[in-house]
Structures are given as C-alpha cells and as structure tokens.
1. Would you point out which residue out of E470, E436 is more than 17 Å from the chain's Cα centre (by Cα) and closer than 30 Å to Y162 by Cβ?
2. Residue by residue through segment 312-348, note down the ones that are aliphatic (A, V, I, L, M) and over 16 Å from Y526 (Cβ atoms).
3. Would you please list the contacts, defined by Cβ atoms under 6 Å and residues six or more apart or on different chains, that run from a residue in segment 487-498 that is without any contact (Cβ under 8 Å) to a residue 60 or more places away in the chain to a residue that is open to solvent by 10 Å² or more (accessible area, probe 1.4 Å)?
4. Looking at E324 and the list (1) in a loop (DSSP other than H, G, I, E, B); (2) away from ligand 1 (no atom under 16 Å from the Cβ); (3) surrounded by 19 or more Cβ atoms within 10 Å (Cβ to Cβ), which single condition is not satisfied?
5. Of the conditions (1) on the phi < 0 side of the Ramachandran plot; (2) within 16 Å of ligand 1 (Cβ to nearest atom), G299 satisfies every one except a single condition; which number is it?
6. Only residues that are open to solvent by 30 Å² or more (accessible area, probe 1.4 Å), of a type outside the set (S, T, N, Q) and under 24 Å from R277 (Cα atoms): list them for segment 437-479, please.
7. For segment 221-262, enumerate the residues that are open to solvent by 40 Å² or more (accessible area, probe 1.4 Å) and either in a loop (DSSP other than H, G, I, E, B) or out of contact with any strand residue (DSSP E or B) (no Cβ under 9 Å at 6 or more places or on another chain) (or both).
8. For segment 185-206, which residues satisfy the criterion of being surrounded by fewer than 19 Cβ atoms within 10 Å (Cβ to Cβ) and either part of a strand (DSSP E or B) or not assigned by TED's automatic domain parsing to the domain that holds E250 (or both)?
Amino acid sequence: MPLESNARIVKELARRGYNAEREAVTLLAGASDPDAALDSVVGDAPDNALRITANHVRESLESAAGSDRGGASAERSPVETKGSEAGAVARTGETVESETPDRTPGSDQTSDSDQTPDSDQTPDSDQTLASQTESARPHDFDRRQLEIGNDMTGRSTGTGEYRDFVRTFRDRYERLSKLLRGRVNHRPAEAIANMPGGSEAAMIGLVNDVRSTKSGHWLVELEDTTGTFPALIMKDKGLADVVDEILMDECVAVEGTLADDSGILFADSLHFPDIPRTHRTGGADRHVQAALISDIHVGSDEFMADAWSRFTDWLHTPEADPVEYVLLAGDMVEGVGVYPNQDEELEIVDIYDQYEAFSEHLKEVPADTEIVMIPGNHDAVRLAEPQPGFNDELRSIMDVHDARIVSNPATVSVEGVDVLMYHGVSLDEVIAELPEEKASYDEPHKAMYQLLKKRHVAPQFGGHTRVAPEERDYLVIENVPDVFHTGHVHKLGWGKYHNVLAVNSGCWQAQTDFQKSVNIDPDSGYAPILDLDTLDMTVRKFA
Ligand code: D5M
Ligand code: FE
Ligand code: ZN
C-alpha cells in the first residue's frame, strides 16, 4: 500500500478530530474500500473516543462484512513496520559529542510496534478519558508540564531609533557583565584611564573592535557604560585560540597590566561569560520524550512531504507513545521573497496558502501532542531578532493542536527540562567568522557551543543577523538551559557543552538550487528524539 494512502487516512481522521493508532491506519489502508471503511469506523467509534484503535477498525470491518473479512486482513501487513524501518540512526550517551547522521544508516529494526497495541499495556486504575479509549500507553495529561519563559511576543517596544539600540546594549552589558564580575576585579573604562601606570587592572565590556597589529599582536577595544578602553593581546601570551573566538559586540572581560602612560591594558587573560561546568540539568520524573525539529519549509518544491508523513505516521505508532512534545524551531514554511530567485523553487506561491498547507501537515501529528513553535527567517514575521510569535491571522491558520506559538528565541520548560529554542540565523555568522575546527556546517553544534559560551544567541550587530532594538536584550542567554535547540543551517548535529545538550535538528527540505551551488548538503528528514528523563537522544531517519 503506498505511503500516501496511509498519510491520507491519517489526515482524514485528523480532519474528523481523531488520532489513530498506526495499526488502525494500516488496516484501513488495506481495506478493499478504505474510504468506506473509514466512514464506518468513525461512525462506529465510541462517542468518547479520541483515538481510533486497531480494535475499532477490526470490529467495524467485521461487522460490516459479516463473516467476509471485507478485504482487510486482520493479520499484520508488512507495511505496519514501515515506521520502524525508519529506525534509530544513532544514540548519544552522556559523552558522545558528534555522531554524524549518516554514520549508521537506518536499520530494519522492528520494535514494540510489533506488539498489538491493545494487548496487555493496559493503563493503571485511574481511568482518564484517554485511558479508556487508547490502548497503547495512554498519555497522562495531568503529568504534563510545559511553561514558556522569555517570550517577547506582544512586548516589542523598539521604534528603531538610536536610543533604543543604546538601551538594548546597556541591558546586554548589565546582564552579561554580572556573569563576569565574580571572576575579575573590574573597573569602569573611565576609572582605568585614571589609574597609575603599571597597575593591575581588569575591564568588562562589549567588543567594539578587534584588529591585528603589524607585529602580529591583537588590539581589542572594549566599551562599557563609561567609555571605551583598548587592550593589547600580545602574540606570545598563548591567547591566539581565544582571540579566534571573539565576535564583535559580545561581552568579555580582560585582565592585565596597564602601560606606563595608562593608555592601554596589556592583557594576560580574556574571559567569556560562559556556562559553568557545574551546571546540573533538570529532568522529567517519567519516561517521556520530545521531538526537536525545525525547517519544514512547506511551500518549497523541495519540501519532503513523504518523509514528513513517514515521521508523523511513526508518531502514531506505540513506539512513539512517549513522544508527547514536538518543539519546532522555525521555518515552518518556505516563505516568499526570502532569497533572490526563490520564487523559481516555490510549489505554493502565496504565503497564506503555505501556512494553510503547513497546518494540514501539522494535523498529521497526533492530536494529543503538545507543540511549541518559534518563527525563523522564512516565516512571515519581522526578520529582525528577537522575532515575535506569529500574528493572530497566522495563528488562526495554525490553530491545530493548540500549538504554543512563541518568539524566537524563547525558553520552554518541558517537564523540568529547560530548552532554549532559537532558529539559528547567527550560526551562519559564527561559522563564517570562526576557524573551521570551532564552527562548521558539518558540526553545527560546535557553533552552538560558541553561542553558549558567549551567553548570547546573536552577539554581532550590523552583520548578517538582523537585530531589533528593544528595551531588553532578549537574545542574552541569562539562565543556563539544559538543552539548546536550533535549526536554520539544515545540518544535523548535537553534542554536550559543559553539560548543556546542543542540538541542531536538520530540515525537511531537500537540497535547493542555491544550496547545490554553494555545496550545502542538507541533512533532511531526521527527527532527533530527546528523552526528557535522561537527556539521551536518538535520531530517527525518515527520508
Ligand atoms: O537557510 C538554510 C541554510 O542555507 C543556511 O545556512 C543559510 C543558507 N542559505 C540558503 N539559501 C541561501 C541564500 N540564497 N543565500 C545565502 N544563504 C542561504 P534557510 O534560511 O533556513 O533556508
Ligand atoms: Fe531553514
Ligand atoms: Zn532559516
């Protein structure tokens, strides 16, 4: 049975307000007249059913056909394991830094989807509505915890005037300098200029300029609320590695000795706000998972509808029962006019139609899944970051599943796990500016480590990443997250930095002409699945 028919059945059931067990879908697809079978199973389903089970289908088919089995075999069809053919490709433990997705190809593993869902996995005594109707592991809605923090939707104050930028930077300085204050005995720029020559001094500031000098040293100019001050990093101080990582406008501390005339600081060390190594992660107190995905790009010729359907089909299998959350890190649709000549690769040219289509695809996700989404650079919100969550018109188009629509970036606490979601436009910049071994498209998580180290998701101002002036710098990473989730670069990569799991989730779009022209080979059709109790990750391949 072609996959399309399964997806179509899932969609049709969703349209009528039902989830379905994977096996139920397979049985329906195998019926001699799937549409009629679907009609009758919906008609026969108990009034309080949320989910069509394989048993519902069997009963309905049997009653329709009497002793004739009506073409739908109650035996398992080979299609049933399709979801699990798209097997786990890699698993991270505590220490694995960077398994590449294609190292271990999708396996043929069959798994608990072979169990009859309505067998012995009966719920315990508390009979919630869901547990009466769902035969696989029922979702205990009472135990779900999802809190949004740092959502700036509706709080934008910027008018784009110069003084707004001053406020943003003041806020950035205040909050990031706090993280450095314990480590250096700093003085304001103004005071340092008045200290006696030869004194030990330290300053915390935003990077105003970095230049290499003729003799191979580096001049770093820092700015705080009182003024600017230059620091000279001599090439023999062993700090080349650190200098490599400096980005404009980020907050750092330098420590050293003042020149005789107090006009410059000879730096001995440079510090980033960084993530403390002692960071202890939170975790769910039950086995529950979240799918971390992004960059769906519905509306593009290259949107991989089949892979997406395979993913959402899999979500309906018992194996995916623990996946109660889907976190979407932006680029829901391909958008219009995002890049030059993009219109040549559009399947859907109207932006609203793109969101309508996206919403249809989102309906394939089981209806009881909690969804959180942030916008990306292809979405129909302002490009400058922070990007507010979608407007009411787009929300009403995407009102399936009661998805939480929040800003980019935003933090989400999911059953005790703090997830920082950020689309990831600044990753292009980090990758362009830093040496290959510190940040590259092949290892996008390493670029994410840099953002964690800087405690800011998009430090550079005035470059590739547009930054909007706001009263508060929403791009500061004030609280250490347990998980940092980005997308945008269309490459899959993950690893741990000081105990924070960084995940870049790949995409659902095949290589575009532009990507071909610049040799970007996207990782398409992967779904990283995060265990919220252990923070282990499994990546599943659906393409
Ligand atoms: O971008 C996906 C990735 O590809 C991201 O690293 C930027 C890069 N990209 C894609 N198209 C272009 C064009 N036309 N110019 C420059 N860079 C591009 P996304 O924005 O998520 O599609
Ligand atoms: Fe994208
Ligand atoms: Zn993007």
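The values are calculated or read from the model by the stated rules, or taken from the named source; none is laboratory data. Everything numeric here is computed off the predicted structure, so don't read it as measured data. Please note: Cβ atoms are built from the backbone with ideal geometry, for glycine as well, and neighbour counts cover all protein chains shown. The area values use the complete protein model at the heavy-atom level, side chains included, leaving out ligands, DNA and RNA. Shrake-Rupley method; radii C 1.70, N 1.55, O 1.52, S 1.80 Å.
1. E470
2. Listed by number, the residues that qualify are M332, V333, V336, V338, L346, I348.
3. Hits for this filter: K491/Y441; K491/D523.
4. Condition (1) is where E324 drops out.
5. Condition not satisfied by G299: (1).
6. Those that are open to solvent by 30 Å² or more (accessible area, probe 1.4 Å), of a type outside the set (S, T, N, Q) and under 24 Å from R277 (Cα atoms): E437, E443, K446, K453, E478.
7. Residues of segment 221-262 that are open to solvent by 40 Å² or more (accessible area, probe 1.4 Å), as a first pass: 221, 223, 225-226, 228, 234-238, 240-241, 244, 248, 255, 257, 260-261.
Result: T225, T226, M234, D236, G238, D241, D244, M248, D260, D261.
8. Selection gives E200 alone.
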